[in-house]
Amino acid sequence: MSRQRHQPGGARAGRRTFLARTTALGLAALVPPLAAQSGYPAKTIRIIAPVQPGGGVDLVARTIADRLGRVLGVSIVVENLSGGGGVVGSLATARAAPDGYTLMVGYVGTHGTNPAVRKLPYDAIRDFTPIAMVGGTPNVLVVAPSLRVATLDELVVYAKANPGKLSYGSAGPGTLTHLAMEQLKIAADVDAVHVPYRGIGPAFVDLLGGQTQLMFPGLAAALPHIRAGKARPLAVTGTRRHPLLSDVPTFAEAGYPGFDGVQWYGIVGPANLPAPIVKRLNDEINALLANPELAERLSAEALEPMPMTPEEFGRYMRDDIARWSKLAKERKIEIAD
C-alpha cells in the first residue's frame, strides 16, 4: 500500500520535471535567433545584383557593399545573378534564409515594371522585405541629332505630321524604357514603332546610328551621349529639373503631367526578415546616404539619394507596381516568357 500511495506523488514530480525541462528547451530554442539578431552581423553578407556586371544596379550594389561593410565591420560581397530580366536573382533572394545575410538590389525592373507585365514565379511584395531605398535617376526623352526637333512640342507636331515614320528603341519589352514611351504615346496621342533590344547599350548604338529616332533611357545611361552631342534631350521625368540638365524641362513643364517614374534602386531581403535587422540596416544605409561624399559619388552617376523608412519604401514599391500595371493594362502589354 505504501508503494501505491507513493506513486501519485512520484508521477506529479515526474510531470513537474518534464514540464520544467520542456520549458527550458523551449526557451533555449529561442536563444540562437535572439542572439543572432543582437550580434548581427557575425559573418559575410552577400548582396545579389540581379543583372550582369556594369550599369546602375551593379554600381549601387558595389557602392553600398563597400561602405556598408565598413560600418558593419564585416565583408559584404556582390554576387551577380542575371537572367530573366532580374527573375533569377530575385527568386534566389526570395528563397534565401531570412537571416540578414542575403540581400538584393531591388530596382524598378524587379519591383516595378516586371510585376506589371510578367507572370513571375514569386510575389514582388509578399516574398520580400523592404529594407532601404538608395536613390533614383530620372528618365530622359532623347532624339537622334538627325531628327530636327528641339522641344517636346516640336516632336509631337512632327510625329502627327509623319505617322508611322518614327521608331524608338528600348532596353527590352516591359522595361521602364518601353513603358515610359508607351505612356508618352497615350498622353500625346502619337505613334512610334517599338524596337526592343537586349539592354540599353545596343539600343543606343542604333539610335546614334540613325536606325531609330527616339529613346527614353535613364539619365545615368544617357548622360555621356548627351554631353557628347550625340543625343538631344527634350524632357525629363520627375517633379523638378535635374541639376545635371538644368536647361531641360520636366514633362510637367512641357505640358504633360504625370511623368514621375524614375529608375530607382533599393535594398531588399527575403520575406520575414527580423525587424531588428531591418532597422539596423535601414539606419546604417540612411546614414550613409546623408554623407556628402556618397551623395557626390551617386550624383556623378546622375543618382539622387532617396532615403526612406522600410515602411515608406514598401509603399513606394506598391505604388510603382500599381502605376505600371495600369499602363500595361491600357496598352495591353503582357510579356510571355
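The values are calculated or read from the model by the stated rules, or taken from the named source; none is laboratory data. A quick note: this is a predicted structure, and the numbers were derived from the prediction, not measured. Positions of Cβ are backbone-derived with ideal geometry, glycine not excepted, and every protein chain shown enters the neighbour counts. Calculation scope for accessible area: heavy atoms of the full protein, side chains included, ligands and nucleic acids excluded. Shrake-Rupley method; radii C 1.70, N 1.55, O 1.52, S 1.80 Å.
For the range 227-245, a tally of residues being part of a loop (DSSP other than H, G, I, E, B), at pLDDT 95 or above and either of a type outside the set (A, V, I, L, M, F, W, C) or within 12 Å of V142 (Cα to Cα) (or both) returns 4. Among the residues making up the range 208-221, none is crowded, with 17+ Cβ neighbours inside 10 Å and free of Cβ contacts under 8 Å to residues at least 12 places away in the same chain. Taken together, the residues in the range 297-335 that are free of Cβ contacts under 8 Å to residues at least 12 places away in the same chain, under 30 Å from I186 (Cα atoms) and outside any helix (DSSP H, G or I) amount to 1. Residues of the range 73-90 that are open to solvent by less than 20 Å² (accessible area, probe 1.4 Å) and out of contact with any strand residue (DSSP E or B) (no Cβ under 6 Å at 6 or more places or on another chain): G86, S90. Q183: closer than 26 Å to G258 by Cβ, open to solvent by 10 Å² or more (accessible area, probe 1.4 Å) and either of a type in the set (S, T, N, Q) or part of a helix (DSSP H, G or I) (or both), yes or no? Yes.
This table checks each residue for (1) among the polar types (S, T, N, Q); (2) without any contact (Cβ under 8 Å) to a residue 40 or more places away in the chain; (3) part of a strand (DSSP E or B).
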residue: E253; (1), (2), (3): no, yes, no
residue: G269; (1), (2), (3): no, no, yes
residue: D283; (1), (2), (3): no, yes, no
residue: A287; (1), (2), (3): no, no, no
residue: A295; (1), (2), (3): no, yes, no
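Kindly indicate whether A187 is modelled with pLDDT under 95 and hydrophobic (A, V, I, L, M, F, W, C). No. In the condition set (1) open to solvent by less than 50 Å² (accessible area, probe 1.4 Å); (2) in a helix (DSSP H, G or I), P224 is compliant with all but (1). Looking for something under 20 Å from G258 (Cβ atoms), touching a residue at least 60 places away in the same chain (Cβ under 8 Å), of a type in the set (A, V, I, L, M, F, W, C) and in contact with a Ser or Thr (Cβ under 7 Å, 6 or more places away or on another chain) - is there at least one such residue anywhere in the range 157-176? So far as the range 157-176 goes, yes, one or more of its residues are under 20 Å from G258 (Cβ atoms), touching a residue at least 60 places away in the same chain (Cβ under 8 Å), of a type in the set (A, V, I, L, M, F, W, C) and in contact with a Ser or Thr (Cβ under 7 Å, 6 or more places away or on another chain). Restricting attention to the range 257-274, which residues are farther than 30 Å from A94 by Cβ and either small (G, A, S) or surrounded by 20 or more Cβ atoms within 10 Å (Cβ to Cβ) (or both)? Answer for the range 257-274, where residues must be farther than 30 Å from A94 by Cβ and either small (G, A, S) or surrounded by 20 or more Cβ atoms within 10 Å (Cβ to Cβ) (or both): G258, F259. T110 falls short on exactly one of the conditions (1) at positive phi; (2) of a type outside the set (A, V, I, L, M, F, W, C); (3) open to solvent by less than 10 Å² (accessible area, probe 1.4 Å), and that condition is (1). Taking the criterion of being open to solvent by less than 10 Å² (accessible area, probe 1.4 Å) and either among the β-branched types (V, I, T) or free of Cβ contacts under 8 Å to residues at least 60 places away in the same chain (or both), the residues of the range 119-137 that qualify are I131, V134, T137.
Against the criterion of being at pLDDT below 95 and either farther than 15 Å from L68 by Cβ or not hydrophobic (A, V, I, L, M, F, W, C) (or both), S299 qualifies. Within the set T44, T93, the sole residue that is at pLDDT 95 or above and surrounded by 19 or more Cβ atoms within 10 Å (Cβ to Cβ) turns out to be T93. Exactly one residue out of V248, V205 is under 27 Å from G54 (Cβ atoms) and touching a residue at least 40 places away in the same chain (Cβ under 8 Å): that is V248.
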